[in-house]
Each structure stands twice: as structure tokens, then as C-alpha cells.
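A short reminder: the numbers here are calculations on the coordinates, not readings from a lab. Computed from a predicted model, the values in this text were never measured in an experiment. Glycine also receives a Cβ, built like all others from the backbone with ideal geometry; neighbour counts cover every protein chain displayed.
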Amino acid sequence: MKTLTKEIWMNIPRRRQIVSIHSQVEDLVRESGVRDGLVLVNAMHITASVFINDNESGLHSDYEKWLERLAPEKPHSQYAHNGYEDNADAHLKRQVMGREVVVAITDGRLHLGPWEHIFYYEFDGKRKKRILVKVIGE
């Protein structure tokens, strides 16, 4: 069995942003030499998410509007969590979008549907954060 464990570091200059990490994950799968297996990709911070969906800017805008309606950033006073920090909304948004994705590897490539793409979604940026990529297989 082959394995590869790497981290992708992100430093998002804004509070919220969707960033494609698809090509970086593909590169790590290729580097691993795994032909048949799985790759786990997960955000290592409680205010960020990794998800799979369409790489389409309108959809990304829709996510932002939808999540802001579900868990608005302001007023900060609406959240019991806010006190030392003002990021309760980021925790809630992450809960909706999820922590990680697991993707099959077949013939050394990500085995995804035709429009599926891997993204990192930052909900409380402006500092360095990391994403774990773990490849396991033969």
C-alpha cells in the first residue's frame, strides 16, 4: 500500500472566499503514485470547509448569499459564541458546507463526475490556515 500525507497552506486576504484546490489535489495524487485508492481532503480549521461542486462563479455567489442568510455575520451580538472572537457565523457556515471530501482514485486520477471540482471555502480568513491531503491506495 502507498500513502502520501501533505498539507496545502492557505492565506486568504478576505474574511470569506472560495478557492479552487482541484489542481493541487490532482498534483498530489499524481505525486503519490497511487493508481487505485482514495484521497481525503479536509480543512484543518473549524471555520473553513472543503467541498465539491460546479466551478461556476454564479453558483459561488449563490453560496455566499445563501449562507449569509442562514448565518449572517452581523450583528455580532446575535451569537452567544461571540465575545473574544466575532466568528460564530463562520462556525455555523462551516457546519453547513462540511469539513472534508473523499474522492476515489482510478487509474491514477480523481474519479469525479463531469462537473465536479474541489474547493476550499474560507469563512474567517486573514490568517494562515491548512488543508490536509491524505492519499491511500495501490
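By its C-alpha gyration tensor, with a ≥ b ≥ c as the square roots of the eigenvalues, how is the chain shaped: rounded for a/c under 1.5, else prolate for a/b larger than b/c, else oblate? Spell out each step's value before the answer.
Working: a/c = 2.71, a/b = 1.94, b/c = 1.40.
Note, shape of the chain comes out prolate.
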- Checking rank on 32-42, 78-88, with mean other Cβ inside 10 Å and highest first, the result is 32-42, 78-88
- Alpha carbon centroid spacing (whole Å) that separates the range 67-138 from the range 8-62: 9 Å
- Task: State, as an integer percentage, the relative contact order of the chain based on alpha-carbon contacts under 8 Å between residues 6 or more apart.
- Result: 55 percent
- Pairs of lysine in the chain with Cα under 30 Å and at least 8 positions apart or on different chains: total? 22
